[in-house]
Amino acid sequence: MTVADVAPNPRPERSIDIFRRSAAWLDENLPPGWSMSSDRPRSPAAPNRLLITAPDGESVSYAIIARKGVLSGDVARIATELSDSDRGFVCAHYLSDPVRRQLDGHGISYADATGNVSLLATRPTIWVRNRGADADPWRGPGRPSGVLTGEPSERVVRALADYVGEMSVPELIRLSGTSTGAAYRVVEVLYERELLTRLPRGPITDVRWPHMLRAWAADRKPFPTRGFAAPGGLDELLARLEATGGDPGYAITGIGATDYAAPAVLELYADDVDAFASAMDLRPVDGGADVVVATPWSAVVFERMQYRNGLRCVAPAHAYADLAAGPFRHPDAAEYLLTTLTADEPAWRRPVRRAG
């Protein structure tokens, strides 16, 4: 079976069309005597429930999760959103082999618009499998991989989080400092992952910034860190940092960039780790560090910073991403910060101001 055989039609974009194309493949592969039905919400939304009925009348219900795109990192979140007693049925325009394996591992049924199908239930007992395309038939040369890695992703994600308001892609390019091609690629990834809303050939109208930051944090490449001891303790180090006025360049992150708690370990970025350690008289240690310094992948960590008690800290969006995943991960502090940021967005998200 070739890709052309599987998906000769234009890629479905609306949730209802994604569901219909995927469900058609499922219906085609159901055993004789079995049937399927669903509720009928207002288009373009997909139905909420899928009902599969056996020849003897016994049925099983699935929660429908219709997405434009699903990545491996999304599957665990989908699984946690399902209750222990509920079954999920994921449908998308295309589900890659790694994503299908992840869904299988979580016991989640699925179908995509190319014919990849898996439906499982123990009562009534049913197991349906079909193989569709092995590659996304709608992904042309140069289309984005769907992963938020690299400096362009960092810059675009940070700009979309730091600023609020309708924003054209040219405005996003100006605010993020990203090249035109890279910005459009990252925007397409975010759109396909349903992390932003954009009018056709028009501006970005809405950003699901908490989900976007979590996805970015999960996708980022691990950044190198080094551990140090502050001979005079953290209080003395913080006083010295306040007195420097930001030279050498640093930005505190992690718990130290929030009011969650006093940090037992100070976590921060430095543009030159050796110069920073020398200026602050820090001593390298292999274990028991009370200062951890990271080398950033992008200088965006030093942009639009917040100042807390005279200290330079990363922007709130960056602090949340660091707390959500990576070497500075602290889930409780991340959720605390998320609650704080959600409750008072005007305190940290800047309105978009048009150039000129």
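Compactness ratio for the chain: Cα radius of gyration over 2.2 N^0.38 Å (N = residue count) comes to 1.17. All other residues whose Cβ lies under 12 angstrom from that of residue 75 are scored, Lys and Arg at +1 and Asp and Glu at -1, for a net of +1. Within the chain, what percent of beta bridges assigned by DSSP are antiparallel, to the nearest 5? The antiparallel fraction comes to roughly 70 percent. The distance linking region 208-256 with region 88-135 is 42 Å (Cα centroid to Cα centroid, whole angstrom). For region 78-214, the relative contact order comes to 16 percent (Cα pairs under 8 Å, sequence separation of at least 6). Once the Cα atoms are used to define both axes, helix 331-343 deviates from the longest principal axis of the chain by about 90 degrees.
Protein heavy-atom accessible surface, 1.4 Å probe, per residue over region 1-140: 50 Å².
To put it simply, the accessible area of the chain at a 1.4 Å probe is 50 percent carbon and sulfur.
Sequence-distant contacts, meaning Cα pairs under 8 Å at least 6 residues apart, place the relative contact order of region 263-308 at 52 percent.
On full extension, the segment bounded by residue 166 and residue 83 gains 26.4 nm, given 0.36 nm per residue less the C-alpha separation.
Near residue 255, once Lys and Arg are set to +1 and Asp and Glu to -1 for all other residues with Cβ below 15 Å from its Cβ, the sum equals -4. Counting Lys +1, Arg +1, Asp -1, Glu -1, what net charge surrounds residue 178 among other residues with beta carbon under 14 Å of its beta carbon? Around residue 178, the charge tally is -2.
To the nearest ten degrees, helix 234-244 and the longest principal axis of the Cα atoms of the chain are 80 degrees apart.
Residues with amide H under 5 Å of residue 350's amide H, sequence separation 5 or more or different chain, H placed in the peptide plane at 1.01 Å from N; which? Result for residue 350 returns 163, 164. Compute the angle between helix 209-219 and the longest alpha-carbon principal axis of the chain, please, reported from 0 to 90 degrees and rounded to the nearest 10. Approximately 90 degrees, to the nearest ten. Using a probe of 1.4 angstrom and keeping all protein chains present, the accessible surface of region 209-356 works out to 47 square angstrom per residue.
The values are calculated or read from the model by the stated rules, or taken from the named source; none is laboratory data. Predicted model only: the values in this text are computed from it and were never measured. Ideal geometry is used to build each Cβ from the backbone, glycine not excepted, and the neighbour counts take in all protein chains shown. When the accessible area is computed, the model is the full protein with side chains, heavy atoms only, and any ligands, DNA or RNA have been set aside. Shrake-Rupley method; radii C 1.70, N 1.55, O 1.52, S 1.80 Å.
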